[in-house]
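Have a look at the structure below, then the notes.
The values are calculated or read from the model by the stated rules, or taken from the named source; none is laboratory data. Everything numeric here is computed off the predicted structure, so don't read it as measured data. Glycine gets a Cβ as well: all are built from the backbone with ideal geometry, and neighbour counts include every protein chain shown. Each accessible area value is taken on the protein alone, full model and side chains, heavy atoms only, with ligands, DNA and RNA left out. Shrake-Rupley method; radii C 1.70, N 1.55, O 1.52, S 1.80 Å.
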Amino acid sequence: MFFLLTDTINKLPGIGPNLALKWQKLGVLTVSDLITYYPRKWEDWSTFSPLSTAQIGQKITVRAKLISLSHFRSPHKKMFITTALLGDESGNMRATWFNQPYLQTTLKKTEEYYFSGLVGSHQGHPALVSPVFELADHSPLHTGRIVPIYPETAGLTSKMIRRVMKTLLNTIRHQSEILPEELIKKYRLASLASALENIHFPASLTELNHAKYRLGFEELFMIQLSLAFVKRNWGQQPSRPIAPLPNFFADFQTHLDFALTSSQIKATEEILRDLSLPKATNRLLLGDVGSGKTVVAAAAIAAAVQGGYQAALMAPTEVLAPQHYYGLQPLLVKLGISNALLTGSTKTATPTEIATGKIKAVIGTHALIQKQVGFQNLNLVIVDEQHRFGVGQRYQLKNKERGATPHFISLSATPIPRTLFLTLFSDLDISYLTEIPKGRLPIITRLATANNLARVVALINQEITAGHKIFVITPLISEDLTAERASIVSETKRLTQLFPTARIATLHGRVPAEEKLKIMREFKDGEINILIATSVIEVGIDVPAATVIWIKNAERFGLAQLHQLRGRVGRSTLQSYCLIETKFDDLETSERLTAFVKISDGNTLAQMDLALRGPGAFF
């Protein structure tokens, strides 16, 4: 059978309305979606072994007859157990299945099957434990080959998915090539049809690797191609140049209470040079946590306002946007720049004041892209942590100004390996901040365990006495019934006992926006000593007096996320500490957390995270 890529999956045999809904949960609506629903891993059951050679602990595939079969219920746990005796020319072996009563009618004595599974022990002898099986007179689909394992959902197993994929083999084999022939020859790529067939039903491990390489190449090529189009089109957008006075940057620096680092100076000069051109700026300012991106953004805002334009800075949360506003406001006032905060819960100016140009610099959340918010002459858009906004949201803000495209700068502290940044953000020019502002001390990172709890408590008491602030991070809000993960609820109880005189507050995603701002203000002003939070505080929160962050269940966070959390302290000249705690001591967890304790560079940690955990659903 042959199907069109645009055919809906309910046209496939065996997929009725109920099953189509299950597929829909996985994002599969059409034949094209189904063909590109790739396995998450593969089990190699392609090598057949005689029964007599099986060793306990091995994974094997055998071709054997079903000599005898019995079913009974365990008297202790009332578990339904099926046992079988298998035989081939080399000997016999027992197989056992648990709680699969349907096997009474599925398995037939004297029939020959393929069996694949783990060899366990029965009365000291090798025995197959819950093996997968198929009749040996069929072309194997679930055993006897390299078997794909797919992401599943309730009521939709890998076995069912493999059956559906098999009905598409003819369609897959007739897929037309989409890459240029010269690319295929140059990089020795498999054909699209061959890659798609071998990603689902590999003929060998070699063919599987060829398929992965071809499809991975194609995916990255398409990303690069689309970004190249974006960059070309963006560069062709008409834009109004922002040309500050010759002494602008030197004058700007006289209004600062600190000296800029050399990389801040270089990045600012790159941005000012871009802004002066008649084409729209499209630049990413990338710097590790605490490297001082905000002051570079302030210089760009000041340049735009001096040039007679408005500027907007959009941040992803109702905690971060006010922080940017209150952090930048003193400098903007010094520079004579009218400014306002605009979030879903807070407005320090009216839409009319923004629309008429009375307000020159507007800092806010996605509230900036609401229809009722207009600008008189917006010519600079800055987006903080741009990956947290959808592409549509970013472009809505860019398109607030009709006729000419505003200059666009995005900020990010997210430590992603340089190679991935160059891939994902190749539509942007990139400026790097590579230094930490002078006077800041390295953050001391330690593993917190039950054995050194007394030292942790003493350190926190010492810091509270000195007037410093403490973050405690948990992965959950509500209590974990298994008691394996810390939560805001459980830690509040525990820390209240450990620090009876401390003022403790909590912060998480369910707290209303106004309450979040109140809590953060009180924490910053010293009315709160310990803030117990989820990773809602991961990005951008700046509390200079915060000197300790205690991260519970550190194994639940990636290295990059742990590094972001660590960046909530060490934002002043005070000595700061990051304490990470875990109940797990497996090799991977130990390797990751040991690396985190030793390494302070975010990009190095991100590269290690990529190697240890893989990119996930990055693309």
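Excluding same-chain residues fewer than 8 positions from residue 22, which lysines have a Cα within less than 26 Å of its Cα?
11, 41, 159, 166
Could you work out the helix-only [θ] at 222 nm for the chain, with each DSSP H run of four or more residues adding -39,500 (n - 2.57) and the total divided by the number of residues, to the nearest 500 deg cm²/dmol?
Working: 21 runs with 218 residues, N = 619.
Counting only the DSSP helices, I get -10500 deg cm²/dmol.
So which GluC sites (Glu not before Pro) in region 91-192 are both in a DSSP loop and have at most 16 other Cβ atoms within 10 Å of their Cβ?
Counting only loop positions with at most 16 other Cβ atoms within 10 Å, the GluC sites (Glu not before Pro) in region 91-192 are 111, 152, 177.
Which of the trypsin sites (Lys or Arg not before Pro) across region 19-54 are loop residues per DSSP, with 12 or fewer other Cβ within 10 Å?
In loop regions of region 19-54 (DSSP not H, G, I, E or B), the sparsely surrounded trypsin sites (Lys or Arg not before Pro) are 40.
Run down the aspartates and glutamates and flag those whose C-alpha is under 13 Å from the C-alpha of residue 469, throwing out any fewer than 8 positions away in its chain.
Here the aspartates and glutamates satisfying the reach criterion relative to residue 469 are 522, 525, 527, 542.
So which of 293/334; 438/524; 334/358; 524/583; 360/438 end up more than 25 Å apart, counting from Cα to Cα?
In this structure, 524/583; 360/438 lie more than 25 Å apart at Cα.
With Cβ to Cβ distances under 14 Å as the rule, what net charge do the other residues near residue 485 carry (K, R +1; D, E -1)?
It works out to a net charge of -2.
With log10 I(q)/I(0) by the Debye sum over Cα atoms at q = 0.06 Å⁻¹ in mind, check (1) -0.38; (2) -0.34; (3) -0.47 and report the label derived from this structure.
It is the one labelled (3).
State in Å² the accessible area per residue of region 247-320; use a 1.4 Å probe, count heavy atoms of protein chains only, and round to the nearest integer.
Working: 2400 Å² over 74 residues.
In whole numbers, region 247-320 has 32 Å² accessible per residue.
Tell me the Kirkwood hydrodynamic radius of region 110-251 in angstroms, computed as one over the mean inverse distance between distinct C-alpha pairs.
Evaluated on region 110-251, it is 20.1 Å.
Compute the orientation-averaged projected area for region 18-127 from the convex hull of its Cα atoms and round it to one decimal in nm².
On the way: hull surface 40.0 nm².
It is 10.0 nm².
Kindly state, to the nearest 0.05, the FRET efficiency for residue 79 paired with residue 4, given R0 = 60 Å and r defined as their beta-carbon distance.
0.80
State the percentage of accessible surface on the chain attributable to carbon and sulfur atoms; use a 1.4 Å probe and exclude ligands, DNA and RNA.
Of all accessible area on the chain, carbon and sulfur atoms account for 54 percent.
Looking only at the chain, where both bridge partners belong to it, what percent of the DSSP beta bridges are antiparallel (to the nearest 5)?
Working: 40 of 95 bridges.
If I count the DSSP bridges inside the chain, around 40 percent turn out antiparallel.
Take each of the peptides 513-521, 102-110, average the number of other beta-carbon atoms within 10 Å over its residues, and list them starting from the highest.
Answer by packing, highest mean first, reads 513-521, 102-110.
Semi-axes of the equivalent ellipsoid of region 202-310: what are they in whole Å, largest first, if each equals the square root of 5 times a C-alpha gyration tensor eigenvalue?
42, 20, 8
Reachable aspartates and glutamates from residue 493, Cα under 19 Å, same-chain residues fewer than 8 places away excluded?
Excluding near neighbours in sequence, the set is 479, 480, 484, 581.
For region 477-576, how big is Rg over Rh, using alpha carbon atoms and the Kirkwood form of Rh?
Computed over Cα atoms, the ratio is 0.94.
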